[in-house]
Amino acid sequence: MEQYVATKEKYKDCILFYRLGDFYEMFFDDAILASKELEITLTGKDCGMEERAPMCGIPFHAADTYINQLVKKGYKVAIGEQVEDPKLAKGLVKREVIRIVTPGTNLSSESLEESKNNYLMCISYVGKNYGISVTDLSTGVFKTCQIQQAEKVVDEINKFQPSEVLYQAGVEQVEEIHAVCERLQVSHTEAPDYYFNLETDEETLKRQFHINSIEGLGLKDSPACVASCGALMQYLHETQMSSLSHINHIETYSVDSFMIWIPQPDGIWNLLKPCGISRSVVLCFGYSIRQKLQWVLENCVNLSNSHSYIRMRLKNVWMQSKRSTKS
């Protein structure tokens, strides 16, 4: 249990799934909480204490289903995995947390909606400006903008409808941020101060995007964007603990330059139906369409009659998806 307790100490804000053989086990408060939320049996384990430690577990091959249930409710799940072969281990098998799953970083195919981006958002406040950055880890989309009007921060949350929002301590409009996140059922967390150190953020971005200066990202005069983008990347590195090479570009945008449209599969089908494309095909290629959704729909705000334009672009995406699937 000493190994478990030492690991749990590092991830106090997570439910720790601790791999023991063919199961992920949870102990103490995590076990009590998980057994209630997942409706699984709570048992106990002798561990040298006066009372048995509360314990529950799930089969490792079914972990995604249980993780999705917890993450959907706003919890973070730390995956503690065996990192050496038990047959070769001397003494206790070494275990480490290899990934933290959060609402905005969940890559399980069961949790991703075919026609909706799973956005993670970060909000910073530098000087008199707000930095907004959003990413979809499943597609590599990464966008940022800098705004002055406090009320537009809430507008951006409404626009992107992220699964998770990180925000800087002391940011104005915090009550409004909480209110809109509660209304949309979005997980929201105050990020630690060190995420928003500008020097650290610049270095983080330069390493991620293989550049010598943030000028190469178009962020020289946007320190609030640097803070939000750098903080977001630090969060991704700390939770994913793996290569994020597919995030290789930051797109700057203006809050008035494009709209976000989040249709259900039926919504996509209604637009594609006049093109002679069946609903079953739309469902089949839903992921590819979701991957290209922002490319298709952004910069449409000023198009007064954009349905025909959107149909044309969506049909192009469908054709590209069909060719790439065949290949």
task: Just name the residue that is nearest to Ala78 (Cα to Cα) out of those in region 18-36 that are surrounded by 15 or more Cβ atoms within 10 Å (Cβ to Cβ) and either in contact with a Gly (Cβ under 6 Å, 6 or more places away or on another chain) or not hydrophobic (A, V, I, L, M, F, W, C) (or both).
output: Tyr18
query: Cβ-Cβ below 7 Å, separation at least six or inter-chain, first residue in region 34-58 and outside any loop (DSSP other than H, G, I, E, B), second of a type in the set (D, E, K, R): which pairs?
result: Glu37/Lys73; Gly44/Arg52; Lys45/Arg52; Ala53/Lys45; Met55/Glu25; Met55/Lys45; Gly57/Glu25
- request: Could you tell me whether region 149-156 includes any residue that is surrounded by fewer than 15 Cβ atoms within 10 Å (Cβ to Cβ), more than 13 Å from Tyr235 (Cα to Cα), at pLDDT below 95 and touching a helix residue (DSSP H, G or I) at 6+ places or on another chain (Cβ under 7 Å)?
  value: no
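Condition check ((1) farther than 20 Å from Leu120 by Cβ; (2) in contact with a Gly (Cβ under 6 Å, 6 or more places away or on another chain)) across all residues:
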residue: Asn158; (1), (2): no, no
residue: Ser163; (1), (2): no, yes
residue: Tyr167; (1), (2): no, no
residue: Glu182; (1), (2): no, no
residue: Thr189; (1), (2): no, no
residue: Arg207; (1), (2): no, no
residue: Gly218; (1), (2): yes, no
residue: Cys225; (1), (2): no, yes
residue: Ser228; (1), (2): no, yes
- request: Could you identify the single residue in Ile79, Ile58 that is surrounded by 14 or more Cβ atoms within 10 Å (Cβ to Cβ), in contact with a Lys or Arg (Cβ under 6 Å, 6 or more places away or on another chain), closer than 29 Å to Leu120 by Cα and not acidic (Asp, Glu)?
  value: Ile79
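Considering Cys14, Cys56, Cys47, which residue is modelled with pLDDT of 95 or more and more than 21 Å from Ser187 (Cα to Cα)? Reasoning before the result, please.
On the way: Cys14 fails: more than 21 Å from Ser187 (Cα to Cα); Cys47 fails: modelled with pLDDT of 95 or more.
It is Cys56.
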message: Of everything in region 146-192, what is under 19 Å from Lys73 (Cα atoms), free of Cβ contacts under 8 Å to residues at least 60 places away in the same chain and of a type in the set (Ser, Thr, Tyr)? Give them in sequence order.
response: Thr189
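The values are calculated or read from the model by the stated rules, or taken from the named source; none is laboratory data. These figures come from a predicted structure and were not determined experimentally. Cβ sites come from the backbone with ideal geometry, for glycine too, and all protein chains shown count toward neighbours.
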